[in-house]
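Student: First, the structure itself, so that you have it in front of you.
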Amino acid sequence: MEPSGPTTDRVPMMEEQQAETSPQPAQRTRALRMEPAVLKGLLEKMLLIRRFEEKAAELYSMGKIGGFCHLYIGQEAVGVGAISTLGPDDYIFASYREHGQALARGLDPGEVMAELCGKKSGVSKGKGGSMHLFDKRHGFLGGHAIVGGQIPLATGVAFAEKYLKKPSVTLCFFGEAAVNIGSFHESLNLAALWKLPVVYICENNRFGMGTPIERASALYDLSQKACAYNMARGCVDGMDVLAVREVVGEAVERARSQSAPTLIEARTYRFMGHSMSDPVHGHYRTKAEVEEHKRHDPIKLFTATLESLAVITPEEVEELDEKVHEAVEDAVAFSERSEEPEPLELRTDVYTP
Ligand SMILES: Cc1ncc(C[n+]2csc(CCOP(=O)(O)OP(=O)(O)O)c2C)c(N)n1
């Protein structure tokens, strides 16, 4: 068979995403099977992340956040849907675009904001910053700046937990640019060989910095990579929080009851630039393309679905938005009140073998 050459055409989003920002039929069907309180909780988490990230962008522009800062705006449904399936003893690993997963896991927004601002009350004592959020109390094991660096670490934790006969599951988030690095393949091979309770979630937001996936990957259907390791796989609409919750929920159950790993590709889109120091569009995508994807904003889609089912009224959505807005303002106030770490802190928490 002739191999097909690379193309510069855009890989299509999931079919369900083709619709306008209106109640999604598949999302409605799933919502009908769920408790209203759970549905509202998912919406509240997504709103919290959106407002938090908007505030982070503001603080970055004011020079209050230093270093790099990668926002999760547009991808909220992936983190919220996936993490909603976990229990308190499970673990999460993420990349440097992890504010959303940290908040979805229930890390304190004040301590997260303080970390972004380099304050000593931050989750990593102000020494990690935006890319290195870490909170053992919540099983949140980073925040990793090396692309794909978290994949072997998550695999190792899943191995350790299985070895210790603990029932935990490990979720590992990474971007689509990480699937061609060597340790991704080494990790998947060992996870399948040793039947580890781990769920790999590839958030395919279509770009590795300014490089579209079509120019970087020979394979577009990324979950197929699991086939090489005889591993279960799934591909899900990453703009639909309930679809993500369902697919990841099945994978978490597979990990917990059968100790078997899964690779999931969630197709999503980032609405902002790669990081706060990059332009929103750059030369690699057009304003029109970004605007088109914003019509599938996961928060607007979910709100429309819940309103159509009378789970929530527009007034209640406004109240929820006001509530998370206040939570973010409180987080900023907490961070502003906090001090910077002492210079001597440079010498603590440093690994010296
Ligand atoms: C090993 C390594 N190579 C290169 C970089 C520089 N780099 C930072 S982010 C990035 C793109 C990663 O894209 P992706 O994994 O798809 O995640 P996204 O930023 O889209 O969330 C690159 C190449 C890095 N941090 N680590």
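Student: Can you tell me which residue within the stretch 209-235, out of those that are assigned to a strand (DSSP E or B) and more than 21 Å from L153 (Cα to Cα), is nearest to the ligand (Cβ to nearest atom)? Before you say what the answer is, go through the steps one by one.
Tutor: Of all residues in the stretch 209-235, those assigned to a strand (DSSP E or B) come to 211-212, 232-235.
Imposing the further condition that a residue be more than 21 Å from L153 (Cα to Cα) reduces the set to 211-212, 234-235.
Numbers: T211: 8, P212: 10, G234: 19, C235: 16 Å.
Among residues in the stretch 209-235 that are assigned to a strand (DSSP E or B) and more than 21 Å from L153 (Cα to Cα), the one nearest to the ligand (Cβ to nearest atom) is T211.
Student: Identify the single condition in (1) more than 16 Å from the chain's Cα centre (by Cα); (2) buried (at least 17 other Cβ atoms within 10 Å of the Cβ); (3) within 12 Å of the ligand (Cβ to nearest atom) that R270 does not satisfy, given that it satisfies every other one.
Tutor: (1)
Student: Is it true that some residue in the stretch 164-172 is within 14 Å of the ligand (Cβ to nearest atom) and under 23 Å from S259 (Cβ atoms)?
Tutor: Yes; the residues of the stretch 164-172 include at least one that is within 14 Å of the ligand (Cβ to nearest atom) and under 23 Å from S259 (Cβ atoms).
Student: Take the conditions within 20 Å of the chain's Cα centre (by Cα), within 16 Å of the ligand (Cβ to nearest atom) and under 28 Å from Y284 (Cα atoms) and apply them to G182. Does it pass?
Tutor: Here the answer is no, as G182 does not meet what is asked.
Student: Another question, if that's okay. State which residue is surrounded by the most Cβ atoms within 10 Å (Cβ to Cβ) when the search covers only the stretch 130-149 and only residues that are within 14 Å of the ligand (Cβ to nearest atom) and in a loop (DSSP other than H, G, I, E, B).
Tutor: Among those residues, the one meeting the criterion is S130.
Student: Answer with yes or no whether S187 is polar (S, T, N, Q), in contact with a strand residue (DSSP E or B) (Cβ under 7 Å, 6 or more places away or on another chain) and either within 16 Å of the ligand (Cβ to nearest atom) or not in a helix (DSSP H, G or I) (or both).
Tutor: No; evaluated as a whole, the condition is false for this residue.
Student: Can you tell me which of (1) among the hydrophobic types (A, V, I, L, M, F, W, C); (2) more than 12 Å from the ligand (Cβ to nearest atom); (3) in contact (Cβ under 8 Å) with a residue 24 or more places away in the chain; (4) more than 19 Å from V248 (Cβ to Cβ) is the one A154 doesn't meet?
Tutor: Looking at each condition in turn, A154 falls short on (4).
Student: Also, quick follow-up: Filter the helices (runs of 4 or more DSSP H) completely within the stretch 16-113 down to those with at least 1 residues that are more than 30 Å from E161 (Cα to Cα).
Tutor: 25-32, 36-61
Student: With respect to M46, is the statement that it is modelled with pLDDT of 95 or more, over 15 Å from E307 (Cα atoms) and crowded, with 17+ Cβ neighbours inside 10 Å true?
Tutor: In short, yes.
Student: Also, I was wondering about something else. Going residue by residue through the stretch 188-198, is there one that turns out to be under 30 Å from H283 (Cα atoms), surrounded by 15 or more Cβ atoms within 10 Å (Cβ to Cβ) and of a type outside the set (A, V, I, L, M)?
Tutor: no
Student: Condition test on G126, is it more than 22 Å from E44 (Cβ to Cβ) and either away from the ligand (no atom under 16 Å from the Cβ) or not in a loop (DSSP other than H, G, I, E, B) (or both)?
Tutor: yes
Student: Which of the residues belonging to the stretch 298-317 are part of a helix (DSSP H, G or I) and of a type in the set (S, T, Y)?
Tutor: Of everything in the stretch 298-317, those that are part of a helix (DSSP H, G or I) and of a type in the set (S, T, Y) turn out to be T303, T305, S308.
Student: Identify all residues within the stretch 215-240 that are of a type in the set (D, E, K, R) and surrounded by fewer than 15 Cβ atoms within 10 Å (Cβ to Cβ); write none if there are none.
Tutor: R215, D221
The values are calculated or read from the model by the stated rules, or taken from the named source; none is laboratory data. Bear in mind the structure is a predicted one, so any value in this text is a computation, not a measurement. Ideal geometry is used to build each Cβ from the backbone, glycine not excepted, and the neighbour counts take in all protein chains shown.
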